[in-house]
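The values are calculated or read from the model by the stated rules, or taken from the named source; none is laboratory data. Computed from a prediction, not measured in an experiment: that's the story for all the values here. Methodologically, a virtual Cβ is constructed for each residue, glycine included, from the backbone with ideal geometry; neighbour enumeration extends over all protein chains shown. To get the accessible areas, we keep the full protein, side chains included, count just its heavy atoms, and leave off ligands, DNA and RNA. Shrake-Rupley method; radii C 1.70, N 1.55, O 1.52, S 1.80 Å.
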Amino acid sequence: MTLWEVRNKQSAHIESVDPTLLPAVFQRLNEMGFAAGQLIRCLRRSPMKGPLVLQLGDTVYSLEQSIASRINVHPA
Amino acid sequence: MKNIILVGKPNSGKSLLFNQLTGLRQKVANFPGVTVELKRGKFEQFELIDFPGTYSLNSLSRDEELAVQKLHEAMHSDDTSLIVCNLDATRLERSLVFGLQVRDLARAHNKGLIFALNMIDEVQRFGHNIDTEELSRDLGCAVYALSAKTLIGLHEFKLALIKAGQSPEDYIPLANEQSDSPVLEISRGLSKRYGIQADVVLKRQNSIDDFLLNNIWGGIIFLSLMFLLFQSIFSWATPLMDAVEAVIGEGAAIATGLLPAGVVNDFVADALFGGVGSFLVFVPQIMVLTLIIGLLEDSGYLARAALICHKPLSYFGLSGRSFIPYLSGHACAIPAIMAARTIESPRKRLITMMTIPLMSCSARLPVYALLIAVLVPDIRYAGGLLNLQGITFFGLYLFGIVTALTVSIVLNKLTSLNKDMPEMPFILELPTYRLPHWKPLIHRVLTSAKQFIKRAAPIIFMVSVVIWFLGYFPQNGELQSSYLAMLGHWIEPIFQPLGLDWRYGVAILVSFLAREVFVGALGTLFGIEGADENIAGLAENIQADGLALGAGIGLMLFYVVALQCVATVATIKGETGSRRIAWGLFVGYGLLAYCLAFAAAQLF
Ligand SMILES: Nc1nc2c(ncn2[C@@H]2O[C@H](COP(=O)(O)OP(=O)(O)O)[C@@H](O)[C@H]2O)c(=O)[nH]1
């Protein structure tokens, strides 16, 4: 499943980030900690398919659908 | 002189550290080429340069690209002796990713590097301690724990900084066994060892977010905050404005009392106090606006606002990140257009830049305030919390925003601006909520007032003087038979359909130099006419003279839409690299403004 499908207050482990993303975006996600094995926790889903809010490491991020649906995860 | 450069992630307390080190004695310098704002200040015998905050040395957006480019230039310069990298001690993992990139850069260029482990007061509040000596061994660089807010450790840091500045070669990062592993792995390892547990730090932030980002409450709070913002510009600033007006009135009375009656006396009363003075009255409103935007920014709420706005704005072809430039566009379009650099998507960035001029900047404030005072009665509701003038004011701001969104849709649907560039996704980091520090905030408010006066006063003065001469002669004080009236009658046909006579026409034309000039010019014109009456109270003079409701509303709408600012056109041209876009906007918004004013004059 993808990060976009993780439900509110659920946790998941990152499997992979779509390697066909723009290299700059791929690299930035990696620096932000989106790498295989990392634990994320979905803190919030916004109404009308707005950006989701998640915690990764010591930071809270917000990602929109177009990017979250290209990160693969499995439920923790 | 030797330079020390300060780098760090946004929201890591870098600006506050800079202020503490330089004691607010700083100047903002624009560097040649594309403007990147670098603040410079003196620290002991060194020059401290504050680089814009970036999340990474691998840039994603235009602002990061420019900042990183500047950093590379500084690395190659012999003037750069030392780098200070500011880290957020509460978020070691995330800060160190950037910190380690900087370390590698410093090592590659043989530059000295010191880490400032900022926000240590918060770490200590959680009962945690960071062993900086161990950490510094692991990093191969000097590390100093400090708090720019409570000043813990700041003295030691300053002493160390002086020493390092004198012999930077002793501070070049040392290579160690792990320097070859990926940055992310090292930073994760180090933060596990030294850092504070993420859940502990994020607990308060997340529970505030539960409220402020709540699906129902979040939107209501957001809208209420915006509404209060605009109300407060009116209600909080009123006592200050009255005070300024009283001082100007007193000054005018004293000056005209001292001078013998005649041309000089008239000049001082009409051009100086009537023209320049009538715009000084609005400086308090600009200060209140800057204060509130500063509060929102420093507290961390702006990032939440961007998040809340992202989905709604995306229907208009904009990004949640467009919200911040839009908001600061209410103070001044120029920094707002620059701030649009943070929007990763080139297309959304361009559309944002093109619509920012529709945000009612502070230069429009005097015009709105004057026209509202003329047209709208001062009626209060809900025990004085709301007043009709404030609501009208809010309506004008709203009209600008709605027009901007409409133009965005049109641009998004009908044009292919930057469509060939790769589309960048919305990725946002939510910073911790913090109580803003009042000192830099006050400083910022005062600076905004100073800059506004410095920018507008000379031009208003010149225009007032020229208008006064043309309006006063040849028949000493007979406006209707002056040179200006002759010129005015010549352009009157343009403004007649709007229900405005030549005096307004002249004021509108000269305000294409800068909008505030409108008030000064009208002040001078009415000053000449009402030669022997009181100079203060331009609004009452206009009321007495009579301004039709339709024409007045049209005038307000005209000022919402028209792009009457040479500096903004120049900035758009600089940022887009396209003269066609810049002047196209100037003409387009001008025509739209005229049509709206015409419609209003016919309808009401
Ligand atoms: N508790 C605490 N707050 C700080 C410290 N340094 C800065 N802040 C606050 O953190 C927020 C962001 O600081 P700022 O200097 O604007 O960060 P910058 O974006 O890195 O320049 C502001 O509200 C500051 O008042 C610190 O050492 N301790």
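Brief remarks follow.
- A:Thr20/B:Ile409 FRET efficiency (R0 25 Å; Cβ-Cβ; nearest 0.05): 0.25
- Model label zone, B:Glu429; criterion: amide N under 16 Å from point 7 Å along Cα-to-beta-carbon; scope region B:48-70: B:51-65, B:67-68
- Chain B contacts chain A over a buried accessible area of about 2900 Å², both sides summed; the probe is 1.4 Å and only protein chains count.
- Simple Cβ-charge dipole of the protein assembly as shown, Lys/Arg +1 and Asp/Glu -1, about Cα centre, in debye nearest 20: 1380
- Sorted largest first, the spans of the alpha carbon positions of region B:244-304 along the three principal axes are 60, 16, 10 Å.
- The protein assembly as shown, Cα convex hull volume normalised per residue, Å³: 173
- At least 27 Å along the helix axis (C-alpha) and Kyte average at least 1.0, DSSP helices within chain B: B:237-258, B:388-414, B:579-603
- Inter-label distance, nm, simple model (7 Å from Cα along the C-beta direction), B:Gln166/B:Leu441: 3.9
- Quick note on region B:438-564: its Rg to Rh ratio, both from C-alpha atoms and Rh being the Kirkwood radius, is 1.03.
- Simple point charges give the picture: +1 on the Cβ of Lys and Arg, -1 on the Cβ of Asp and Glu, and for chain B a dipole about the Cα centre of about 1160 debye.
- Virtual spin-label span in nm between B:Leu549 and B:Trp583, 7 Å along Cα→Cβ: 4.2
- Think of a 1.4 Å ball rolled over the protein heavy atoms: region B:473-513 then has 49 Å² of accessible area per residue.
- Compactness of region A:3-75 is given as radius of gyration and Dmax, 11.1, 30 Å, from Cα positions.
- Scaled against the 2.2 N^0.38 Å expected of a compact globular protein of N residues, the Cα radius of gyration of region B:71-126 reads 1.28.
- Other protein chain Cβ atoms within 10 Å, averaged over every residue that makes up A:25-34: 6
- Backbone phi angles across region A:3-14, fed through the Karplus curve with coefficients 6.51, -1.76 and 1.60 (θ = phi - 60°), yield HN-Hα couplings of 4, 5, 8, 5, 8, 3, 6, 9, 10, 7, 9, 7 Hz in residue order; Gly and Pro are listed as x.
- Springs between Cα atoms under 10 Å define the GNM used for chain A, and in it the highest mean-square fluctuation of A:Leu63, A:Leu54, A:Leu21 occurs at A:Leu21.
- Apportionment of accessible area to carbon and sulfur, region B:227-317, percent (1.4 Å): 77
- Heavy atoms of B:Met462 accessible to a 1.4 Å probe, total area in Å² rounded to 10: 120
- In sequence order, region B:82-88 has phi-based couplings of 8, 10, 10, 10, 8, 10, 8 Hz under the Karplus curve 6.51 cos²θ - 1.76 cosθ + 1.60, θ = phi - 60°, and Gly or Pro positions carry x.
- Chain A: most fluctuating residue of A:Ala24, A:Ala36, A:Ala12 per GNM, C-alpha cutoff 10 Å: A:Ala24
- Counting every C-alpha pair in region B:176-280, the share spaced more than 23 angstrom apart comes to 67%.
- In region B:3-201, the portion of solvent-accessible area held by carbon and sulfur atoms comes to 48 percent [1.4 Å probe, whole percent, DNA, RNA and ligands not counted].
- Note on B:305-312: average number of Cβ atoms from other chains within 10 Å of each residue's Cβ is 4.
- Shielding by partners for peptide A:47-56, expressed as the average number of C-beta atoms from other protein chains within 10 Å of each residue's C-beta, is 5.
- Chain A: most fluctuating residue of A:Val25, A:Val53, A:Val17 per GNM, C-alpha cutoff 10 Å: A:Val25
- Bins of 20 Å, starting at 0 and running to the largest distance - Cα pair percent for chain B: 18, 46, 28, 8, 0
- More than 20 Å apart - percent of Cα-Cα pairs taken over region B:3-201: 52
- With all protein chains modelled, accessible area of B:His437 [1.4 Å, Å²]: 40
- Ranking B:Gly165, B:Asn58, B:Leu302 by Cα position along the charge dipole of chain B, where only Lys, Arg, Asp and Glu carry charges on their C-beta atoms, puts B:Asn58 farthest toward the positive end.
- When Rg and the Kirkwood radius Rh are both evaluated on Cα atoms of region B:89-233, their ratio Rg/Rh stands at 1.11.
- Measuring nothing but protein heavy atoms, the accessible surface of region A:3-75 at 1.4 Å probe radius is 53 percent carbon and sulfur.
- DSSP bridge pairs, the protein assembly as shown: antiparallel proportion in percent, nearest 5: 65
- Using the 1.4 Å probe convention, the accessible area of region B:3-201 works out to 41 Å² per residue with neighbouring protein chains retained.
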